[in-house]
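Visitor: This is the structure I want to talk about, given as structure tokens.
The values are calculated or read from the model by the stated rules, or taken from the named source; none is laboratory data. Just so it is clear, the structure is predicted and the values come from calculations on it, not from any experiment. Using ideal geometry, Cβ is built from the backbone for each residue, glycine included, and neighbour counts are taken over all protein chains shown. When the accessible area is computed, the model is the full protein with side chains, heavy atoms only, and any ligands, DNA or RNA have been set aside. Shrake-Rupley method; radii C 1.70, N 1.55, O 1.52, S 1.80 Å.
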Amino acid sequence: MLTAFRSLLFMLAFYPGSLIFVLWGMAFGWTTPLMVQHTATGWSRFHRLCVRWILGQKVVVDGDLPQGAYLYIFKHESMFETIDILCLFDRPAIGAKRELFDIPLWGGIARRYGLIPIERTAGASALRALRAAAKDRIAQGRAICLFPEGTRVPHGESPPLKSGFAGLYSLLGLPVVPIAIDSGRVSPRGKFLKRAGTITYKVGEIVPVGLDRHEAEARVHAAINALN
């Protein structure tokens, strides 16, 4: 009963509150991309407060999260991490599926913020476009964050990485910081009920530049599934 009450209260608080941030971004986002980025950061912090004090979910980072020119690769189990990542870094550039950029209004805000469109085909031209966008964000001093599984997966499952990861790893020439997360335990995909508990980010060992693609994939895959 308490879980259902908390989940309902979260929905009633977070989604109307999110609308305020969206309207603010639409009203003032045309002035400068930085305004959109600050608005998005405020939204992420609002979300963190809601999950902590309404849902009773505590967030813990296990390990040292390095800051700098890295490619950050995340496990993807829930909507939680797609929003909460903005609490971990300063204006991170997050990879998002290309179709989202075609959504009226939201797509324009996503472009102004500087999200990186991901083509699911991951062909040569898509990889070149991805590399150019990533290089641009790195030049701005922003973290590059990707979900190489392509979509949210239930806690405990470990599908293979999408082929685009290996291509981007080779093209960017950046060390990789793999990060596991177990958000699906308490906030499973597509479920209304969200349980109290601890959500852990587990920072894995840095994967250096120049490894064979199969070894790099194996290390990243193992690290992001460390909490399964």
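Visitor: As a test of the formula, what do you get for the chain when each DSSP H run with n ≥ 4 contributes -39,500 (n - 2.57) and the sum is divided by the residue count, at 222 nm and rounded to the nearest 500 deg cm²/dmol?
Guide: Estimated from H runs of four or more residues: -14500 deg cm²/dmol.
Visitor: At 1.4 Å probe size, put Arg137, Arg128, Arg185 in order of accessible surface, largest to smallest.
Guide: Descending accessible area places them as Arg128, Arg185, Arg137.
Visitor: Could you tell me the relative contact order of the chain? Use alpha-carbon pairs under 8 Å, at least six residues apart, and round to a whole percent.
Guide: 27
Visitor: Given R₀ = 41 Å, what would the calculated FRET efficiency be for Trp24 paired with Ala222, taking r from the Cβ atoms and rounding to 0.05?
Guide: About 0.50, to the nearest 0.05.
Visitor: Compute a Gaussian network model of the chain, connecting alpha carbons closer than 10 Å, and tell me which residue from Ser78, Ser183, Ser18 fluctuates the most.
Guide: In the Gaussian network model the winner is Ser18.
Visitor: Could you look at region 118-228 and say what percent of its accessible area is carbon and sulfur, using a 1.4 Å probe and all protein chains? The partial results should precede the final answer.
Guide: Working: 2830 of 5300 Å².
Of the solvent-accessible surface of region 118-228, carbon and sulfur hold 53 percent.
Visitor: For the chain, set up a Gaussian network in which alpha carbons nearer than 10 Å are linked by springs, and say which option among Glu81, Glu149, Glu215 fluctuates the most.
Guide: Highest fluctuation of the listed residues: Glu215.
Visitor: Roughly what percent of Cα-Cα pairs across the chain reach past 22 Å?
Guide: Here the tail beyond 22 Å accounts for 52 percent of pairs.
Visitor: Assuming R0 = 41 Å, what is the FRET efficiency of Arg52 and Ser125, from their Cβ-Cβ distance, to the nearest 0.05?
Guide: In this case the efficiency is close to 0.45.
Visitor: Using every pair of alpha-carbon atoms in region 27-140, split the distances into 5 Å bins beginning at 0 and state the percent of pairs per bin, rounded to integers.
Guide: Histogramming region 27-140 at 5 Å steps yields 2, 10, 17, 22, 22, 15, 9, 3, 1, 0 percent.
Visitor: Measure up Lys58/Lys97; Lys75/Lys202; Lys58/Lys202; Lys97/Lys162; Lys75/Lys162; Lys75/Lys97 against 19 Å on the Cα-Cα distance and list the ones that go over.
Guide: Working: Lys58/Lys97 28 Å; Lys75/Lys202 10 Å; Lys58/Lys202 14 Å; Lys97/Lys162 13 Å; Lys75/Lys162 12 Å; Lys75/Lys97 16 Å.
Pairs exceeding the cut-off: Lys58/Lys97.
Visitor: Could you give the accessible area per residue of region 40-186, probe 1.4 Å, as a whole number in Å²?
Guide: 43
Visitor: Heavy atoms only, probe 1.4 angstrom, no DNA, RNA or ligands counted: give me Asp182, Asp212 ranked by accessible area, highest first.
Guide: I get Asp212, Asp182, largest accessible area first.
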